[in-house]
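Each remark here refers to the structure printed beneath this line.
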């Protein structure tokens with residue numbers, strides 16, 4: 001049961017409804033779940049106010065109307081939680097008098113450790129409101145609708161490929177057992193055929209979407225010009241990259257992928273092998289995995305880089321993740337320069353065989 005609507009105190013109604021001050025004076029945090037939105041609001045010289053709304057179009061409209069009662073510019077922070085937060089971010093971005101930041105959950109988690117010990121929806125919303133008030137603000141940039149469509153298609157294809165792999169494993173096990181009835185084997189084969197048809201149809205749809213957009217089309221052509229990246233991988237990679245903000249740096253790209261290295265060294269007692277953070281999109285990491293495997297076979301520069309890491313006693317997996325990170329650097333470079341991939345620019349000092 002939601003709490004009753006609580007109006008802000010009178011000082012916040014000083015600004016006329018048609019205009020908003022240039023700087024935010026009301027700070028809001030929203031903890032997003034599948035069904036509800038836990039909302040906390042901080043304003044100068046006022047106790048924090050908490051409300052709960054449904055995570056639906058109707059709930060988003062009610063939330064925006066409630067925040068609009070302040071007649072002040074409201075700064076809202078929420079965590080990136082995939083489809084559960086995306087519609088809310090779009091609704092808030094379209095509303096007047098509201099500026100939105102969509103934050104990496106890892107960043108918020110680090111900030112939260114300095115404020116609270118309990119973890120509840122209400123506490124999380126309060127942390128996000130504190131983040132809005134205290135931390136530097138970076139406005140969320142609304143991606144084009146075609147970018148949303150491409151990511152949705154590419155991720156659905158990814159899900160179907162996983163389903164296809166499981167189906168093939170089940171079929172292999174069924175065919176290897178004399179106890180399996182023929183009807184089961186035939187049904188598994190029909191199921192795999194249907195999944196394959198769906199994958200091919202979705203890939204054609206994604207390719208048409210890319211071809212009908214000048215920017216995505218050019219980026220796709222640059223991607224398939226790289227070693228190890230064919231059309232299938234290019235669609236998956238592009239589906240993840242198109243929603244990244246245009247002004248991001250290459251280090252931010254790497255952080256969003258979760259391929260950034262984490263070192264654990266302290267004094268003489270703590271010395272653990274470096275690992276990737278995984279504090280980013282698993283979809284992007286998965287999309288880069290097979291291209292990295294292919295690149296160390298077919299690109300002399302990335303192959304030389306991979307072998308140099310093995311010579312420094314890195315594990316094969318560590319070296320492969322470093323190659324995936326280098327591929328992401330290369331993609332960032334060719335997208336910014338609009339020039340084809342050149343391994344010599346990526347590894348100017350590396351000798352190739």
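The values are calculated or read from the model by the stated rules, or taken from the named source; none is laboratory data. Computed from a prediction, not measured in an experiment: that's the story for all the values here. Note that we place each Cβ from the backbone using ideal geometry, even for glycine, and neighbour counts take in every protein chain shown.
Each residue in region 123-139 was checked for being exposed (fewer than 14 other Cβ atoms within 10 Å of the Cβ) and over 23 Å from the mean Cα position of the chain (by Cα), and 1 of them qualify. Please tell me if residue 161 is part of a strand (DSSP E or B) and closer than 30 Å to residue 286 by Cα. Considered against the rule, which asks whether it is part of a strand (DSSP E or B) and closer than 30 Å to residue 286 by Cα, residue 161 comes out as no. Residues in region 249-283 that are surrounded by 20 or more Cβ atoms within 10 Å (Cβ to Cβ) and either modelled with pLDDT of 95 or more or assigned to a strand (DSSP E or B) (or both): 1 in all.
Scanning region 71-98 for residues that are touching a residue at least 60 places away in the same chain (Cβ under 8 Å) and not in a strand (DSSP E or B), we see that the one that is surrounded by the most Cβ atoms within 10 Å (Cβ to Cβ) is 72. What's the number of the only condition in (1) loosely packed, with under 14 Cβ neighbours inside 10 Å; (2) within 29 Å of residue 249 (Cβ to Cβ) that residue 169 fails to meet? It is condition (2) that residue 169 fails. Taken residue by residue, region 292-300 has at least one member that is out of contact with any helix residue (DSSP H, G or I) (no Cβ under 9 Å at 6 or more places or on another chain), more than 28 Å from residue 143 (Cα to Cα), touching a residue at least 24 places away in the same chain (Cβ under 8 Å) and not assigned by TED's automatic domain parsing to the domain that holds residue 103. Of all the criteria given as (1) assigned to a helix (DSSP H, G or I); (2) in contact (Cβ under 8 Å) with a residue 24 or more places away in the chain, the one not satisfied by residue 187 is (2).
Restricting to region 232-248, give me the number of residues that are touching a helix residue (DSSP H, G or I) at 6+ places or on another chain (Cβ under 6 Å) and surrounded by fewer than 16 Cβ atoms within 10 Å (Cβ to Cβ). Summing the residues that are touching a helix residue (DSSP H, G or I) at 6+ places or on another chain (Cβ under 6 Å) and surrounded by fewer than 16 Cβ atoms within 10 Å (Cβ to Cβ) in region 232-248 gives 0.
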